[in-house]
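So the structure is just underneath, and the comments pick up after that.
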Amino acid sequence: MDKKILVVDDAVFMRTTVQNTLKKAGYTNLVEAGNGAQAVEQFGKEHPDLVVMDITMPEMDGLQALKAIKEQDPDAKVVMCSAMGQEAMVVEAIQLGALDFIVKPFKPDRLLKTVSTILG
């Protein structure tokens, strides 16, 4: 499984949790970013196969980053993560091209099912 996954969250704890879940499932090619601006930069540099990104972040939020990533690569695969109660943002994220949405706190099997479905 040499698919590269970019994990984006302003909380180090959440990035670590997502990465540990992915590593246990055999995904080892992981890169991370702490906000949307870093995510866009890392996407351009690393060209990941998948981006798992929080919506609410400082500097540039997940929706702005999603838009910028999709401008770089219309085929980019992006999954958004966020807390409950952000339905309007979820709808906007899907309209902007996000492939799925995972609610935090997420269940590891839900994350892995989404990742394996998208990456094949």
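The values are calculated or read from the model by the stated rules, or taken from the named source; none is laboratory data. Keep in mind that this is a model prediction, so the values were computed, not measured. Glycine also receives a Cβ, built like all others from the backbone with ideal geometry; neighbour counts cover every protein chain displayed. Areas reflect the complete protein model, heavy atoms only, side chains present, ligands, DNA and RNA absent. Shrake-Rupley method; radii C 1.70, N 1.55, O 1.52, S 1.80 Å.
Can you tell me the length gained on complete extension of the stretch N20 to E87, counting 0.36 nm per residue apart and subtracting the Cα distance?
So the extension gain works out to 21.4 nm.
Convert each backbone phi in region 8-23 into a coupling constant with the Karplus relation 6.51 cos²θ - 1.76 cosθ + 1.60 (shift: θ = phi - 60°), then list the ³J(HN,Hα) values in order as whole Hz, x for Gly and Pro.
After applying 6.51 cos²θ - 1.76 cosθ + 1.60, I find 10, 6, 6, 8, 4, 4, 5, 4, 5, 4, 4, 5, 5, 4, 5, 4 Hz.
So with the 1.4 Å probe, I'd like the accessible area per residue for the chain, rounded to whole Å².
51 Å²
Which net charge results for the neighbourhood of G44, defined as the other residues with beta-carbon distances under 11 angstrom from its beta-carbon, given Lys and Arg at +1 and Asp and Glu at -1?
Taking every other residue near G44 into account, the sum is -3.
For region 30-36, what does the Karplus curve 6.51 cos²θ - 1.76 cosθ + 1.60, with θ = phi - 60°, yield as ³J(HN,Hα) per residue in whole Hz, taken in order and with x for Gly and Pro?
Rounded to whole hertz, the list is 10, 10, 9, 8, x, 7, x.
Quick check: at a probe of 1.4 Å, how many percent of the accessible area of region 1-79 sits on carbon and sulfur atoms?
48 percent
Amide H neighbours of M60 under 5 Å, at least 5 residues apart or on other chains, H built in the peptide plane: list them.
G36, A37
For V51, enumerate residues with amide H under 5 Å from its amide H, sequence gap 5+ or separate chain, H modeled in the peptide plane.
Counting only residues 5 or more places away or on other chains, the set is L6, K77, V78, V79.
Please tell me the relative contact order of the chain in percent, rounded to the nearest whole number, where contacts are Cα pairs under 8 Å and at least six residues apart.
24 percent
Apply the Karplus parameterisation 6.51 cos²θ - 1.76 cosθ + 1.60, with θ equal to phi minus 60°, to every residue of region 114-120 and state each ³J(HN,Hα) to the nearest whole Hz, in sequence, with x for glycine and proline.
For region 114-120, the Karplus curve yields 4, 4, 5, 5, 6, 7, x Hz.
If you take the alpha carbon radius of gyration of region 31-103 and divide it by 2.2 N^0.38 Å, what ratio comes out, to two decimals? Kindly include the intermediate steps, with their values, before the conclusion.
Values: Rg = 10.9 Å, N = 73, 2.2 N^0.38 = 11.2 Å.
For region 31-103, the normalised Cα radius of gyration comes out at 0.97.
I want to check the label-to-label distance for L119 and E59. Put each point 7 Å from Cα in the C-beta direction and report it in nm to one decimal.
Spacing of the two 7 Å Cα→Cβ label points: 2.4 nm.
From the protein chains alone at 1.4 Å, what is the descending order of accessible area for M57, M89, M84, largest first?
On the way: M57 20, M89 65, M84 140 Å².
The residues order as M84, M89, M57, largest area first.
Consider a paramagnetic label point 7 Å from the Cα of I94 along Cα→Cβ; state which residues of region 46-78 have an amide N under 16 Å from it.
Zone members listed by number: 78.
Can you tell me the FRET efficiency between D109 and V12 if r is taken as the Cβ-Cβ distance and R0 is 25 Å, rounded to the nearest 0.05?
The value I calculate is 0.60.
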